[in-house]
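To keep things clear, I will list the structure first and then write my remarks on it.
The values are calculated or read from the model by the stated rules, or taken from the named source; none is laboratory data. Fair warning: this is a prediction, and the values are worked out from it, not measured in the lab. Reconstructed Cβ throughout: ideal geometry from the backbone, glycine too, with neighbour counts over all protein chains shown. SASA here: full protein model, heavy atoms, side chains in, ligands and nucleic acids out. Shrake-Rupley method; radii C 1.70, N 1.55, O 1.52, S 1.80 Å.
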Amino acid sequence: MSDVIVRDLTVEYRSGHYVVQPIAGLDLAVGSGELVLVLGPSGCGKTSLLSCLAGILAPASGTITVGELDVTALAGRQLAHYRRHGVGIVFQAGNLVPSLTAVENVAAPLRAAGVRGATATRRATDLLTTLGLADRARHRPGTMSGGQQQRVAIARALANDPRLIVADEPTAHLDCLHVDQVLRSLRDLARPGRAVVVSTHDSRLIPLADRVIDLTERKATPVRRGVARLRPGQVLFRQGDAGDVVYVVQRGEVELVCDRADGSEEVVGTATAGQYFGELAPLLGYPRSATARARTDCVVVAREVSEFRSEVPGGLTPRERRSRQPLRAGSR
């Protein structure tokens, strides 16, 4: 049985005059008691997905259900109630209130939900004890280690016993000495009646997960290897796709197109014979920043990063360097 179901989720936001789409048509199901990791490079949509699950960000389209509740249909008081009771959030940097003690930080969401002071304090103390922090309950964040602060943040996320926990890069700011306790705490969160979704770059979490979702694998590039012959209008890759190869134009023209916020599109560059494009995505791990579309009948060659590195300026003759120029605009 799935506790969390994501169907055809698309997230868009504006960046200047353009539209950025970190998530397009995502389907995902997380079962009760599961710990699911969401992997992928910066910009692939990990934080956007967690923000949608938490009811903080409204998607452009698609649905998210937690149990029987359609989160994407909530608004006003119903949405506030879900954020308070239905989901717990563990932020990357903990985000504890520095002037409050650990027990006061954990009790804060309980007090906000109307729980009386003594009851909230007992619940907060029990959670801190469960996470091995009973002796730090009266300490403020500034006197605790990074790992201790993050475990306080986990206790706070559990305060109202939510059905869903989302954690955004929870070990990003921790050294190796403190990561182990946080990892074990995250593993213990997933139990019947609760699902846990964690975004991370930390490979140490992978053995603890029930499933791993790599967002880059859900954005396949149609032509990935070898030589491709394209007809006018045929798309090579789309804005937001993952990219692991660089393309060199052998014949014809390929235009790079960005979606604008007003619904129109803008041609930001054209690659002609001898030029390469799409190098930033595989070199830096970014998603494609533009759509590559054939302007004429053309032939392009996909190059592995290792091949590309051997062919760019250091490995080319002066004449080849002049003829094989990068397309700077939209070159991801």
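Of everything in segment 317-332 that is assigned to a loop (DSSP other than H, G, I, E, B) and more than 31 Å from the chain's Cα centre (by Cα), the residue that is modelled with the lowest pLDDT is THR317. Screening VAL182 with (1) out of contact with any helix residue (DSSP H, G or I) (no Cβ under 8 Å at 6 or more places or on another chain); (2) of a type in the set (A, V, I, L, M); (3) open to solvent by less than 20 Å² (accessible area, probe 1.4 Å) gives one miss only, at (1).
Mind listing whichever residues of segment 44-60 are open to solvent by less than 50 Å² (accessible area, probe 1.4 Å) and in contact (Cβ under 8 Å) with a residue 12 or more places away in the chain? Spell out how you get there, then give the answer.
Initially, segment 44-60 is screened for residues open to solvent by less than 50 Å² (accessible area, probe 1.4 Å), giving 44-46, 48-55, 59.
Across segment 44-60, the qualifying residues are CYS44, GLY45, LYS46, SER48, LEU49, LEU50, CYS52, LEU53, ALA54, GLY55, PRO59.
Selection of first residues in segment 140-152 that are more than 18 Å from THR125 (Cβ to Cβ) and of second residues that are outside any helix (DSSP H, G or I) and hydroxyl-bearing (Ser, Thr, Tyr), restricted to Cβ pairs under 8 Å at least 6 apart or on distinct chains, gives the following pairs, ordered by first then second residue: GLN150/THR171. Entry remark, segment 139-150: residues being modelled with pLDDT under 90 and touching a Ser or Thr at 6+ places or on another chain (Cβ under 6 Å) number 0 in total. Cβ-Cβ contacts under 6 Å between residues 6 or more apart (or on different chains), taken from a first residue in segment 153-173 that is hydroxyl-bearing (Ser, Thr, Tyr) to a second residue that is open to solvent by less than 10 Å² (accessible area, probe 1.4 Å), are listed as THR171/VAL179; THR171/VAL182. So is ALA93 in contact (Cβ under 8 Å) with a residue 12 or more places away in the chain and either open to solvent by 40 Å² or more (accessible area, probe 1.4 Å) or within 30 Å of THR291 (Cβ to Cβ) (or both) or not? Taking the combined requirement at face value, the residue satisfies it. When segment 280-316 is limited to residues that are open to solvent by less than 70 Å² (accessible area, probe 1.4 Å) and modelled with pLDDT under 50, the one that is farthest from the chain's Cα centre (by Cα) turns out to be LEU316. Within segment 241-287, being of a type in the set (Asp, Glu), outside any strand (DSSP E or B) and in contact with a strand residue (DSSP E or B) (Cβ under 7 Å, 6 or more places away or on another chain) holds for one residue alone: GLU279. For segment 110-155, the set of residues classified as within 19 Å of GLY193 (Cβ to Cβ), open to solvent by 30 Å² or more (accessible area, probe 1.4 Å) and outside any loop (DSSP other than H, G, I, E, B) consists of ARG123, ASP126, THR130, listed by residue number.
GLY33 passes every criterion in (1) part of a strand (DSSP E or B); (2) more than 30 Å from LEU283 (Cβ to Cβ); (3) at pLDDT below 90; (4) not aliphatic (A, V, I, L, M) apart from (1). Looking across ASP3, ASP70, ASP8, one residue alone is closer than 29 Å to LEU284 by Cα and among the acidic types (Asp, Glu). It is ASP8. Would you call VAL196 part of a strand (DSSP E or B) and either under 30 Å from GLY88 (Cα atoms) or modelled with pLDDT under 85 (or both)? So VAL196 passes the test. The set of residues in segment 102-146 that are among the hydroxyl-bearing types (Ser, Thr, Tyr) and more than 21 Å from GLN181 (Cβ to Cβ) comprises THR119, THR121.
Mind listing whichever residues of segment 4-18 are surrounded by fewer than 20 Cβ atoms within 10 Å (Cβ to Cβ) and either assigned to a strand (DSSP E or B) or modelled with pLDDT of 90 or more (or both)? Answer for segment 4-18, where residues must be surrounded by fewer than 20 Cβ atoms within 10 Å (Cβ to Cβ) and either assigned to a strand (DSSP E or B) or modelled with pLDDT of 90 or more (or both): ILE5, ARG7, ASP8, THR10, GLU12, TYR13, ARG14, SER15, TYR18. If the condition is being surrounded by fewer than 22 Cβ atoms within 10 Å (Cβ to Cβ), closer than 24 Å to ARG14 by Cα and modelled with pLDDT of 85 or more, then segment 200-256 contributes VAL235, GLU255.
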